[in-house]
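Input: a single structure, listed below in structure tokens.
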Amino acid sequence: MLPNDDRVLTVTPTGQDSLLICEQLESAGLTGVVCLSLEEFADAVMDGAATGLIAEEALTEEGVRRLIEALSAQPAWSDLPIVILTDRERYGDGELLRRLADAGNITLLERPLRVMTLLMTVQAAMRARRRQYDFREYLQQYERYQEQVRQAQKLESLGVLAGGIAHDFNNILTGILGNASLAAELLPPDNAARPLIDDVVASSERAAALTNQMLAYAGKGQFVIRPADLSTIVRKLGDFFRASIPRNAVLELDLAPDLPLIEADASQIEQIVMNLAMNAAEAIPEDRPGRVRVTTARRELREPLTPVFHGAPPPPGTYAALQVSDDGTGMDEKTLAKIFDPFFTTKFLGRGLGLAAVQGIVRRHSGAMAVESVPGQGTTFTIFFPAAQAKAATAGPERESESDHADGRLTILVVDDEEIVRRTASSLLVRHGYGVITAENGRTAVELYRGLHQRIAMVLLDMTMPVMDGEAALRELKAIRPDVKVILSSGFNEAEAVRRFAGAGLSGFIQKPYTSGRLAEKIKRTLENGQVRRSNP
């Protein structure tokens, strides 16, 4: 219950009646509050109460009007029980009493009355009030559930939108990044156009990172999950933070040495920490010093936590907790309600995807996040990551490097519905010594492979195409030759592709957009895993 939910308000202007009644209430374990007038009683009702006791002689024209207004302003679940202490000879001819009875939940007690009768009546009123509180709690839980459903539906809709945008945008970027990286390879280092081409490559990589942020918001970012130590991830970023945050902000790290491991993509956790820490530093006004504090801790939750979480609160269990706090400007409730909306930002040059991406990453890691902020005092983000069961792996991430030309002439079948992607991939592969056959959809690819499978060393297959998509095409290709090597290429992320093609026998995956070197390296490694078929020169 709320702090004022168990109060019994009393207003009896005659003598010491209110004080005596409160003493009797306290002897029964109840909390009595004395009001000096009906107007004061009405104001107290607005702050919360379990029930009220009013002597009929306390009724005044203005007091009744104010009380009726207070009762009318109650939420739909509330019907405050009020006990009126009246005298037999006055009962029935009181206009004010009739007006109040028409507007509220009124019980009449005739005086004189026994103390036991008064206490039993008050206790019955409080039991009825507690049932109202139970109904209030049910409504609040239902509203929270409805909000979670609305949020999930919004995220699902935005996820579909983000996935479609990322797919189309990454197809466009494949043409830009692939051709630009190929041009950079062909130009000598001292060519005047080389710096311009390098800028195109760098800008394309930034655009690709932006689409990955959109996918992360939708909970569909690319993840490589391994057991990881949260404190180690944060510690590695310490020097970067100190060099990047404004000079008026002081960074403090308090990292627990005995954290449980979490199942996480370390690069995605780094993105969370960087977004939160940079936001915290930028929230500190430039005209005064401030503090950004990043802490990690082990948390054992025996029951769900009470703070408001964005999403479901964490269930009981063992967690590694990350907390990022600042003493900056803070946020009001209106701003706090929007901070995870995509494209909402309080920064002049912001894109509004940072916290949206953080929310998506936390959700994909089965975590929970709480935010507390006070205007003028600062903001605190707390994220709970569930503890992993396995020990940390020692293997490092897959290395990407530039490839040498292929040995001999191997033929690659490039399958994609976008002409710019087919042309770009063909140019990149020819540059690295491969022969290329192209197909604009899965059905054409299957027909070509059926007649030429003896000379095709590998298939570079798009996932989403008209006529026949990548999933159906892969089944047909496997029917022709079970050991066919297929690298899936998509503007969607690897996690989504692996989910859709689980058990289908893919040889690898490369996400669009890709550079000349990344494509050649992926194909070279995949071919090295087995015997390859060379075409006739």
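None of the figures in this text is laboratory data; all of them are computed from the coordinates on show. This is a predicted model, so every value here is computed, not measured. Don't worry about glycine lacking a Cβ; one is built from the backbone with ideal geometry, like all the others, and counts go over all protein chains shown.
The distance linking the stretch 469-522 with the stretch 226-281 is 34 Å (Cα centroid to Cα centroid, whole angstrom). Cross-link pairs exceeding 25 Å in C-alpha to C-alpha distance, out of Lys154/Lys334; Lys154/Lys338; Lys154/Lys522; Lys478/Lys522, comprise Lys154/Lys522. Working from label points 7 Å from Cα in the Cα-to-Cβ sense, the Arg291 to Ala103 distance is 5.2 nm.
Could you order the peptides 76-82, 236-242, 107-113, 165-171 from most to least packed, using the average number of other C-beta atoms within 10 Å per residue? Before the final figure, lay out the partial values.
Details: 76-82: 16.6, 236-242: 14.1, 107-113: 12.6, 165-171: 19.9.
Highest-to-lowest ranking by the protection proxy: 165-171, 76-82, 236-242, 107-113.
Given +1 at the Cβ of Lys and Arg, -1 at the Cβ of Asp and Glu and no other charges, the dipole of the stretch 411-528 around its Cα centre is 380 debye to the nearest 20. Rank Gly104, Met46, Thr117 by how far each Cα sits towards the positive end of the charge dipole of the stretch 18-131 (+1 on Lys, Arg Cβ; -1 on Asp, Glu Cβ) and give me just the farthest. Farthest towards the positive pole: Thr117.
Comparing Thr444, Leu460, Val484 along the charge dipole axis of the stretch 435-491, the residue lying farthest to the positive side is Val484, per the Cβ-charge model. The slack in the chain from Glu476 to Leu36, taken as 0.36 nm per residue of separation less the alpha-carbon distance, amounts to 149.7 nm.
What FRET efficiency comes out for Ala73 versus Leu139 if R0 is 22 angstrom and r is the Cβ-Cβ distance? Round to the nearest 0.05. Could the numbers behind the result be given before it?
Details: r = 17 Å, r/R0 = 0.78.
For Ala73 and Leu139, the calculated efficiency is 0.80.
If packing is taken as the mean number of other Cβ atoms within 10 Å per residue, what is the order of 468-478, 28-38, highest first? Kindly include the intermediate steps, with their values, before the conclusion.
Values: 468-478: 19.3, 28-38: 16.4.
My ranking of the peptides, most packed first, is 468-478, 28-38.
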